[in-house]
1. Could you please state, rounded to a whole Å, how far the C-alpha centre of the range 165-192 is from the C-alpha centre of the range 107-141?
2. Just to make sure I understand: if all protein chains stay in place, what is the order of Lys210, Lys177 by accessible area at 1.4 Å, largest first?
3. Quick one: with all protein chains in place, what share of the accessible area of the range 115-242 is carbon or sulfur, to the nearest percent (1.4 Å probe)?
4. Let me know the shape class of the range 144-214, please: from the alpha-carbon gyration tensor, a ≥ b ≥ c as square roots of the eigenvalues, rounded when a/c is under 1.5, otherwise prolate if a/b is greater than b/c, or oblate.
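The values are calculated or read from the model by the stated rules, or taken from the named source; none is laboratory data. Everything numeric here is computed off the predicted structure, so don't read it as measured data. Heavy atoms of the whole protein, side chains included, go into the accessibility calculation; ligands, DNA and RNA do not. Shrake-Rupley method; radii C 1.70, N 1.55, O 1.52, S 1.80 Å.
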Amino acid sequence: MTTTPEREAVPQYSDGDGTAAVPADGSTDTERAPGGPGGEGPGGPGGEGPGGRRGSGGGSALPPPRDLPSWVRWVVVPLLVLVPLGYVIISAAQSRNSGQDVQKQAAARHLTWVVPSELQRRIYQVPIPDGTVHDGYLETNSWDTSEFYCQFTTTAGGLDTFLAQLGTSRAALRDGKVAISDEQAAQVGWNFDIPDHDWSGMSSHQAGDKPDHDITVDLTHADTPVVYVVSTVNFQHGFGGG
């Protein structure tokens, strides 16, 4: 059998008239428990003992949330709706304008009237001879094909030099043949339906890393032939060839 140690009694003092005086902190021996003032059970000021309640030293409760003023609702809610709607309208307008710009650019294709750069001539293997006039070119690119349109006026000897550097000669030119298709001609506004013109042409479709060439020559004026060339690089089959 366990015995509980007796608690030491708190001294009682008489105030002179026979009545027992209460301790200075106003508590009796039955009210004072370990743990100090402000709490019940073990723990310091404001602590909580087992099963006890929070003492007077605990933190204060959070204030309740404030209601937003009505004018905030009238301003914020419309903005949440109108701002995304505005972005959608702007994006649609930009997309439409972009499509119109592409159509305008496609309709405005034309030759640039200058001798092509040496790099372009090397890539597309268009060896323009010296002394040419009325040089013009246009380069178009897509995901699988690049086409280089070139036009120049040369001399009879210049035409022979041009064909020789391509590995061919005048003998390969077929009288009356327009080797450039109507679709290709429409890209740059070439017209091969002009009557009373002496057209000759040839096509060179090469394998490996060499581009294909479609060549049409206007020999109406034999001393000053006009050469039209379309050089095509097909990325699906390497540089030209099948």
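1. 15
2. On the way: Lys210 90, Lys177 60 Å².
The residues order as Lys210, Lys177, largest area first.
3. Values: 3190 of 6540 Å².
Reported share for carbon and sulfur atoms: 49 percent.
4. Working: a/c = 1.67, a/b = 1.05, b/c = 1.60.
Because a/c hits 1.5 or more and a/b fails to exceed b/c, the range 144-214 counts as oblate.
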